[in-house]
Structure formats: structure tokens, C-alpha cells
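Here's the structure, in C-alpha cells; my notes come after.
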Amino acid sequence: MTAYIARRFGQALLILVGISLVTFVLLYLVPADPARQIAGRSATAETVENIRNQLGLNLPFYEQYGRYVAALARGDLGRSYLQKTQVSELIASRLPASLLLMAGAIVCELLIGLTMGLVAALRRGTWVDSSLMVVSFVGVSAPQFVIGILLLYVFAVQLGWFPIGGYGTFRHLVLPALTLGILGSGWYARMMRSSMLDVLRQDYIRTAHAKGLKGWKVLFGHAVPNAILPIIAMIGIDIGMFMSGIVVVEAVFGWPGIGQLAWQAIQRIDIPIIMGVTLVSACAIVIGNLVADLVAPLIDPRIKLR
Amino acid sequence: MRNALLAGVAAAALLTAIAPSFAQEEKQGGSMIVTYKDDVSTLDPAIGYDWQNWSMIKSLFDGLMDYEPGTSTLKPDLAESYTISPDGLTYTFVLHKGVKFHNGREMTAEDVKYSLDRVTNPVTQSPGAGFFGSIDGFAAMADGTATSLSGVTVVDPYTVQIKLSRPDATFLHVVALNFASVVPKEAVDEFGADFGKHPVGTGAFSLAEWTLGQKLVFKRNPDYWKPGVPKLDEIDFEVGQDPTVALLRLQKGEVDIPGDGIPPAQFLQVKDDPTYAPLIIEGGQLQTGYITLNVHTPPLDNVDVRKAINMAINKDRIVQIVNGRAIVANQPLPPSMPGYAPDYKGYVYDVEGAKALLAKAGLPDGFTTELYVYNTDPNPRIAQAIQQDLSAIGITAEIKSLAQANVIEAGGNGSAPMIWSGGMGWIADFPDPSNFYGPILGCAGAAEGGWNWSKYCNEDLDAKATAADSITDPAKKTEREQAWRDIYLAIMDDAPWVPVFNEQRFTIRSENMGGPDALFVDPVHVPVNYDYVFAKNVQ
Amino acid sequence: MSELIAPSAAPRRPTRAGTVIRRLLRRPLAVTGLVIIAIVVIAAVFAPWVAPYDPGEQFFDGLTLEGAPLPPNGAFLFGTDLLGRDLLSRLIFGAQTSLVIGVVANGIAVFIGALVGIVAGYFRGWIGTILMRFTDLMMSFPALLLAIVLAAIFKPSLWIVAMVIAMVNWVQVARVIYTETRSLAERDFIEAERSLGASSARILWSHILPHLVSTIVVWATLGISTTVLLEATLSFLGIGVQPPTASWGNIIFENQTYFASAPWLVFIPGAAIILLALAFNFLGDALRDILDPTQQGRSA
């Protein structure tokens, strides 16, 4: 186990190097000059050149990358070109909000999705099953903006149960987490349903039934834990997605997460921020997947780590 | 130029040049909440150059010159008075005594000099450095051989003298720009590159609190040197909020000014609602939306083709598409800019005439070209309307709808045949006709990487522009305006642009905000003049 | 719905495909799915003949005087968009793009993901490690940045955006399939097969894959919706279809802020996407039931 984790961390380092290299190559290829954006419209060619030199943008690729990695090794993510702030400071200020929303969203997804999936599997072939299927597809296909504004309008503006956006208390978290939960729960519902159906067909469930175990005991004691295996992998995936990919929901709810920072930086080629966010979300993905791989054997002891 | 990320909300100049009367004394007190979608990047006056921070910086800092609130009329600010030498080359500013920075120290002529040295020093990376090109010694600063402007001298603690290397009629506007704000050296030294997060100025407000990515709090500067200003005790800026939600919050009384304005999707609904219609104030804006036609890309290098394109665009339809939030333009300058030619008819919409011109140019069957556009709404829609108009005269324009950085790059390196300027367009830095020339229509901007995306360069007009800007005698103001008017009409003869419209500005504010309408469509302070608006609930 | 139909014993086995199709046609939901898919495909292929108007035509009377789009009415059955174009015609033409993205690109992504997941999960060892770490890497891959780079280098086209989607979207499928395969590979019946000397290929094909079909169907069908919307985001950055070409995704993407003042611009294309995805789901579910080995001979 320890050896396995150590090996995975070693591999994680390789992944981070790989992803930083790939991102750096992409940024190098982008035909847009950050110096020109910094210099503004009234700048002379001389000024632009000067800024390019200061930022090291004229250096050969390997030297630029080398410098970046050297600074990274010292824990320096650089300073944003356009925000003029340390990238580490920008990310640190937004990371807690992103992590909180991620946790809230995953809880909502699981609550809604697993319930829907379980009910659909147990009522297989009935109108309940069919309606839940349609609901899942509607959720997955709905635009974030529409669901977000609708929830905000009903529960915050009309009913006044929650604040109209913002960050700080638990009440601020409910609506954005619920929005993401609704959007993502379709995946969990469909996966849970199909996984449950698979498990319910297995012989050991029949055996358990035959032994005279009560229905719900079989269900929650044997069937659900076995069905939940692929769900664990999906949570790992979601961690990566929620780290830097929530742009619209953050804007609708005024949630100070990393998504908006990343989106703006990508559109304006703010290299230090793009690098920083990519690395941080890569870390989250690597950790998320590692945890998913570690949890799997706990649920299904037949799986061996190797 | 500031990048108005939402062109639909960008905004403004003043149709009434009458200075509002501030004679009636409103009580100080109260607060207001302003929201923005995008984060505030920096409050360093040498660097800040975007939609959100431009007027915030104006409330934290002061410069030698400023404008009468709600107007575009220049007035001395930190300078008590100024004199200009007869040759127009030497400006002497006498400073107000007893003006204090937020850190309590008195502001002196040394600070003025330091601030100008700082903004022109390449190490500062100021996007506004180029404005100071007429100051003696600027070239030595730009190439790094000097660290101090030789043209700026401290005569005594309250007098500073600035020598120019060439006459510059816009110089008083230049020292009214944010970039010329006076900053204290010790604070810059203390915070270094983070000065923009810890701004110290002489302005009406000081920064009390900044939670990155969420909120900024401005508190009234109790020692402000202008009596009775500002009116509000506190301004809260909340960032990261979608304009649609900001509007909902305004309707609930939680927001006073949605800084990004009314989102396009809600505009008609809000405008036609009797509850909200009285809260909207409309004004002009020193802005022009245009299509650049690259004069080096065949067949756009043929002036008849460019004229044909000018005649093919149905500008009324485009104004209709943006729900009437603009007025049709026919020349580069917006109507409220001095030098605008009110009698000029421009190229009138005439499909048959356009076809005839194309035929004359040897292209009766039209041609295929590309139209670049910044990808935020409503710009791709406007581009599609342009595309349809062009197809009516046989021109096939393929749209390339891209992120801002990509469009700016394609414009700068000359690879884009046509660009719709929306969302990246020119909002004047100061109300003077010369501001629409140099970087976007003059030869200087036509170089590789420059912002003159038509790559139009007319040496003759460049000489005329320099001559016009050398007319520094205030008595010859109309002569100078006429010179600029001629320049812009001459440009239109060469048709490197299709001027499409001038955006109108619509500011919505809560019922609690008071003050003359002009303050809410202030041509210099966008969205509103923070220093002079007041809260009705404390009156 | 399906169990009763599955015959408990098949006395004769005519051609396999023939049986599958015949069984499929006996299921009303599967038939509904097929009909919807057929309608969309026909609309896409014969768009110029089916659509009432030119999808790019900005009608002078397609907007109100103030510039607002028109709700559904006699002349424009599904209303008009923000430029006064006929929404129905744009949906019909947009079906071409959306089928390529939702079915072809998404299908390729699911195929790659399933292949990587099965191989990594079954063989484990260094192959599995390399494949899964590569999956981790691709999951962190900044797809939006790639879009911006490609947009500046290539002429925008549907095929580039389809390629990007196929390139980045397989990773989630790979993760899930990997986890399931890993568990399946350790089950007793697989061990039994192995000890009987069955080849890996046979085990994978006859014993592992059938268990994964339902998961693959879930990802393939839900993926239709998400990739159609992803196409709009990527095209927004300049690599995909450019205006005025319509796609279901870009119609929603461009108009979502107008959902309160012009709901038809969001809800009609949204319904189209959901219907298409559901249709494939009906079909997929039916196929799975028919092909599922654990179902054969059982009617539980």
C-alpha cells in the first residue's frame, strides 16, 4: 500500500512535468503577444520590445521553460501579466471557494443522482424509471446559466430563502452547489441505475435473498456497496472538472472560484495564470484519481493494488 | 482606450456641455454598492487601464488637471493655476498647498516629478507611457539611458515646470489622465510591484479593504482637500457578479450601480418597465464602432472597393440589432467630440451604387475575404449583419470569431483583411480629436504590431496632424478643430474604415442615488462620478 | 419492459443480425428511438429541401422595431432569433453539425475511452500504468487553450472541433471503464475461464465487454448532450463552426442569456438535443438487453 502510494506520487510528478511542458508549448505556439497587450495601444514598438525582454518572452523556448521550472521549484508561480499580482496569491484567494463549491456540488450530485438511480433500478421498466431517465437527460443537457438563474430567481429573489449570490456562509453555498448538483446528477443517476441492475443480477444477491435476508438488508448491505464502485471513479473525474471548469455558475452566483480566473486568463493569454491554474487543477486530478483508486479495493476487496 | 469587455454596456459622452451646478450642498454620508463582472486588476494609476479600475483610480488619486464633474471641460486640479509659455513649450504648474496623501504626508512638486518619471520608466510597464512622448527627455527614458525626465524640473516645493520637445495641444489633457496621477515615492518603494494592491494617493477616497476576487471597500478621505467632497462615506465594489444577477439585486435594493450596465438580454424589458425606466439615464459616449479595411490586402487596396463596402453596410439595421443602443456614424469622430463634422453626409447606404463601384474596380462578381470579430455578444451578431450586407453586393466575408488576444494579434500583424472593432474599439482617453488619430489611423500605429488595423498611412495627413497639434494657442481653438475636421474627412475619402455607430450609454442606478443626471453619464468617469453622487437617504 | 420479450430458449439461430433487428423492432421504445434518429438524419441530409427558409437569411420583418426576436408564429413556426432568422430552418441545418459532434466525435471518444479502460483494467501491469497515467495527464489537459492555439493556426472547421472533442472526451470513459474492468477481472468466473485456458481476447470479448455495455451506453448517450454543448464553447473560441453556420449547441450558447425574454431560442434547441440523446438511449438500452449474455436464458 505504502509502496503503491509512493510509486503513484512519483508518477504524479511526471504527470505534472508533462502537463506543464504541454501547456508551455501551447502557450509558446499561441500567436498572440502578451507584451503588446500589456503595453497598450499608445505604446511604441520600442516599449513593446522592452516589455518582451523584461518578461523573457524573447528567449528561446527551452530557456523560458527552464526559468519557469526553476522558479516553480522555489515555489514561485510568477506574477500575472494583466492582474499584476502574484499568481500564488490569486489562486490562494480563490482555492478555498473552489474546494468548498466542489464539495457541495459533489454532495448534491450524489444525493440527487444516487437516489434517482436507485429508485429507477428498483422500479425498472415502470413509468417511474422512464420519468427519471427523462429527468436525467434534461439535467445533463441544461445550460448552466439557465438553471442557475432559475434557481436564483425562485429561491433567492422570490422566496428570499437564500442570498442573491455571494460567498461566505452556508446559505451562500446552497444554490450554486444545487445548480451543479442538478446538472451533474444525471450522470450519477444513469450510472447508478445500470450498476445496480448489474449487481442485482449477480448470484450472491440471489443467494442472500435465498438465505432469507430481508430485502432492504440485501439492498444496503450487499447491493448498493457493490454498485457504487464506478461512482467512485466518477467522483475522481468530477474533482478535476470542478477545479477550474465552472465558469458560468461562478459568475451567476458571484462565487469567487478559480474557473472565472482561468477563463479570463485563457482569453487574454495571461501565461502565468494559465500555467498556475493548469498545474493546480492537475494536482487535484491526480489526487482525486489516486484516492479513487485507493478507495476501490476497500469497496471491492477482490481488487488488488499493484 | 479602455477595453469595454461588454460592448453593449460601454458607454458615453455628454450631449449637454453645460456644467451642472453643485451649488446646493448635499449632506455627506451614506454609502453605495457597485458591482462588476470582471475582477479589478490593479489600482496603480500608472498601470490600470480597464473598464472597472479607470474611474476607481480617479477617486483614489488626483492629477495636475481634471475635468469639471459631468463634463469634458478641463480645469486645474492639484494645480492651483498654470501658465504656458508663448512658444507653447513650457508649462508651469503652481500646486495647492496643504494637500495630503492618504498616509498623511503633504504632496509637493517632488512627488509630481517622481510620478512622471515613474510612469515613463519602461520598468513600470505602463500602458500609458506613450502619452508623455512630448515631454523633453522622454526618448532617453524610453531607451533606458535616463531614469529621470530632463524636461520636468522642481522649481520650488509648490511649483513644477514641464518642458516639451514639441508643441502639444493635448498636453493638458495628458496630465489629466490617470497615468499622470501623483503618487508618493515612499509608498511605491514600500509595496513595490504590489503598489496596485495598496494604493496611496491624494484622492477623495482611500482603499480600506480588498478581498481578492470578491470585494473592495473605499472609505471617504476625511482630510480631502476639496471641501464637501466626496458626498458618500463609503463605496463597496463587489466583483465577479454576472450583470443579469446585478440587475436582479438592484431590483431588490441590494445594488446601487450595476457597473457593467444593463445586459443586452434584459435591456428592452427594463427600458419598457415603468418602474425602472425613470432610473435609466442615457448619454452619449466618446466611442466609435468601425470596420477596418486593410489597405494592403487585395482587393481592399483599391479605394473604390473600400468605398463600395462603406456604401453596402445597412447601419440602421445594425443599430436595430443592438436594440437602439447606438446612433449611426459616418466618420471616425463621435458627435460630442470637438472637430466632428455635423454637415458631413458620409457614404450613404446604397446597394446599387456599391455594386457599380465594385464593377468599376473590375470586380463585378465580388470576391471572398475574411471578417475578424471579438467573440462576445453582440459582436458576432453585428459581424453576421455585416456579412449579409456584403453578400448583397457579391462579397463573401467569412467570419472569424475569436478571443480578444487572437483578434488583436491578427489586426496588429496585418493578416486580417477586415475587423469589426466592437468590444475592443476605441473609447477616447480624453476629449480631443487627436486621440482618434495617432495609434489607430496614423502612420505610427500602422507599423507591425500597431493598433492601426487598416494599416492606413498617409504621410501628408500625418504632417497635418502634427501641425494641428502644434496649435497650442487657446485663441486658435476653432482653427485647430477645423484642421482636425479636415484631416478626418480626408481620411474618409480614402475610406480605410467603415464607421458604423457611436454607442449610447445607459446607466441604471437605484432610487437612493442622487445627483444631476450628468454625473451618471460622466464622459470621463464611467459608469458614474463616484466623488459627487450622493445618497438620498441621508439628506 | 424487456424481460418478458427475451425468449427463454432460442430453438433456431438464424443470422445473428437478423435476429437482433427483429427483436429490436418488437420493442416500442426502440422503434421510437429509431424513428427519432431517422427524422434527425433525414432532416440533416436533406436540409436544403426540408427547411422552410435559408438558415442564414436575416429577415427584415424577422425582428420587432426595437430589434427583439419574434416568438413562434404562422410565418416562423419556431420563431426567429436575435438576427431575425428562422429558428426552425437553423435547427434543421444545425442537425448536420450536431450529428457529427454528438454521434461521430462522441462515438469515437467513447470507443477510445472504452478501449483504453478495458486494456488498462484487464492487463494492469506497466501497460495499465502507462495508459492510466496518460489518462490523468489528458484529464488535466487545457482543452480551451488548445482550442485557442488551433483557432489561430487552422482554418476553423467542424472536423477540427470534432477531433478536439474526440481527443479530450475519452478520458472520463476510460477512468470509469478501467475501474469496472479492474473489478470484473478479479471475479471468480473470469478466473475460471482463465484456468480453462481461454485466451485473453476471448475473455475480454465474451465475458468482460458484455458487462460493460450498459456503462458504455450511459456514457455514449449522455455524452451526446454534453459534446453538443461543448462544441459551442470550443467554436466560441474559434476552432469550430463559425457564424452564421448553425449548430444546436451554438444556438443555445448564444441565446442562453435571453432565456427569459425569448425562451423559444433556448428551450426548443434544448428539447431537440434531449430528444436525440433519449432516442439513442432507447436504442442502446434495447441493444444491451438483447445482446447481454447474462440475460440470455433468463427472464428475471
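The values are calculated or read from the model by the stated rules, or taken from the named source; none is laboratory data. Quantities reported herein were computed from a predicted structural model and do not represent experimental measurements. Positions of Cβ are generated from backbone atoms using ideal geometry, with glycine treated the same way; all protein chains shown enter the neighbour counts. SASA here: full protein model, heavy atoms, side chains in, ligands and nucleic acids out. Shrake-Rupley method; radii C 1.70, N 1.55, O 1.52, S 1.80 Å.
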**OP:** Rounded to the nearest 0.05, what FRET efficiency do A:Gln202 and A:Phe155 give with R0 = 51 Å and r taken as the Cβ-Cβ distance? Could you check?
**Re:** 0.75
Subject >> Relative contact order, percent, region B:62-195 [alpha-carbon distance under 8 Å, six or more residues apart] >> reply: 29
Original post:
Relative to the compact globular guide of 2.2 N^0.38 Å, what is the alpha carbon radius of gyration of chain B, as a ratio?
Top reply: 0.97
**OP:** List the aspartates and glutamates whose Cα lies under 19 Å from the Cα of B:Lys252, skipping any in the same chain that are fewer than 8 positions away.
**Re:** B:Asp236, B:Glu238, B:Asp242, B:Asp260, B:Asp272, B:Asp273, B:Glu511
Subject >> Length-normalised contact order of region A:89-299 in % [C-alpha pairs under 8 Å, at least 6 apart] >> reply: 27
**OP:** Straight distance only, please: which aspartates and glutamates reach the Cα of B:Lys476 with their own Cα at less than 16 Å, same-chain residues fewer than 8 apart left out?
**Re:** B:Asp87, B:Asp168, B:Asp432, B:Asp486
Original post:
What residues of region A:106-138 lose no less than 50 Å² of accessible area with every protein chain in place versus their chain by itself (probe 1.4 Å, heavy atoms only)?
Top reply: A:Arg124, A:Met133, A:Phe137
**OP:** Please label the shape of region B:62-195 as rounded, prolate or oblate, based on the square roots a ≥ b ≥ c of the eigenvalues of the alpha-carbon gyration tensor (a/c under 1.5 means rounded; beyond that, a/b larger than b/c means prolate, else oblate).
**Re:** rounded
**OP:** On a C-alpha basis, how far is the centre of region B:213-272 from the centre of region B:332-394 in Å? Whole number, if you could?
**Re:** 37
**OP:** Indicate the residues belonging to region C:233-254 that lose 30 Å² or more of solvent-accessible heavy-atom surface (probe 1.4 Å) upon moving from the chain alone to the assembly of all protein chains, ignoring ligands and nucleic acids.
**Re:** C:Phe236, C:Leu237, C:Gln242, C:Pro243, C:Pro244
Original post:
With contacts defined as alpha carbon pairs under 8 Å and 6 or more residues apart, what's the relative contact order of region C:182-300 in percent?
Top reply: 25
**OP:** Just the number, please: Stokes-Einstein D of the protein assembly as shown in µm²/s, Kirkwood Rh from C-alpha pairs, 37 °C, 0.692 mPa s.
**Re:** 103
Subject >> Accessible area of C:Phe134 in the full protein assembly, 1.4 Å probe (Å², nearest 10) >> reply: 100
Original post:
In vacuo Debye scattering of region B:287-504, one point per C-alpha: log10 I(q)/I(0) at q = 0.07, 0.14, 0.15 Å⁻¹?
Top reply: -0.20, -0.81, -0.93
**OP:** List the lysines whose Cα lies under 22 Å from the Cα of C:Lys155, skipping any in the same chain that are fewer than 8 positions away.
**Re:** B:Lys400
Subject >> Pairs of Cα atoms farther than 28 Å apart, region A:89-299, % >> reply: 37
**OP:** Using the heavy atoms of the protein chains and a 1.4 angstrom probe, tell me the accessible area per residue for region C:162-222 in square angstrom.
**Re:** 34
Subject >> Charge tally in the Cβ shell below 14 Å around A:Pro34, where Lys, Arg are +1 and Asp, Glu are -1, A:Pro34 excluded >> reply: +1
Subject >> Shape call, chain C: gyration tensor on alpha carbons, a/c limit 1.5 >> reply: oblate
Original post:
Looking at the P(r) of region A:2-73, how many percent of alpha-carbon pairs lie beyond 20 Å?
Top reply: 47
**OP:** Report the antiparallel proportion of the DSSP beta bridges in the protein assembly as shown as a percent, rounded to a multiple of 5.
**Re:** 70
Original post:
Which entries in the list B:Lys163/B:Lys215; B:Lys27/B:Lys97; B:Lys271/B:Lys536; B:Lys97/B:Lys231; B:Lys113/B:Lys197 go over 30 Å, if you measure between the two C-alpha atoms of each?
Top reply: B:Lys163/B:Lys215
**OP:** Give the distance, in whole Å, between the Cα centre of region A:166-236 and the Cα centre of region C:169-248.
**Re:** 20
Subject >> Computed P(r) (all Cα pairs; region B:252-387; 10 Å bins; percent) >> reply: 10, 32, 32, 17, 7, 2, 0
Subject >> Protein-only accessible surface order, largest first, of B:Lys27, B:Lys113, B:Lys455 at 1.4 Å >> reply: B:Lys27, B:Lys113, B:Lys455
Subject >> Loop-located trypsin sites (Lys or Arg not before Pro) in region A:48-115 whose Cβ has at most 10 other Cβ within 10 Å (DSSP) >> reply: A:Arg74
**OP:** Rank these by accessible area, largest first, 1.4 Å probe: A:Trp161, B:Trp453, A:Trp187.
**Re:** A:Trp161, A:Trp187, B:Trp453
Original post:
Is the shape of region A:1-122 best called rounded, prolate or oblate, per the rule: a/c under 1.5 gives rounded, else a/b larger than b/c gives prolate, else oblate, with a ≥ b ≥ c the square roots of the Cα gyration tensor eigenvalues?
Top reply: prolate
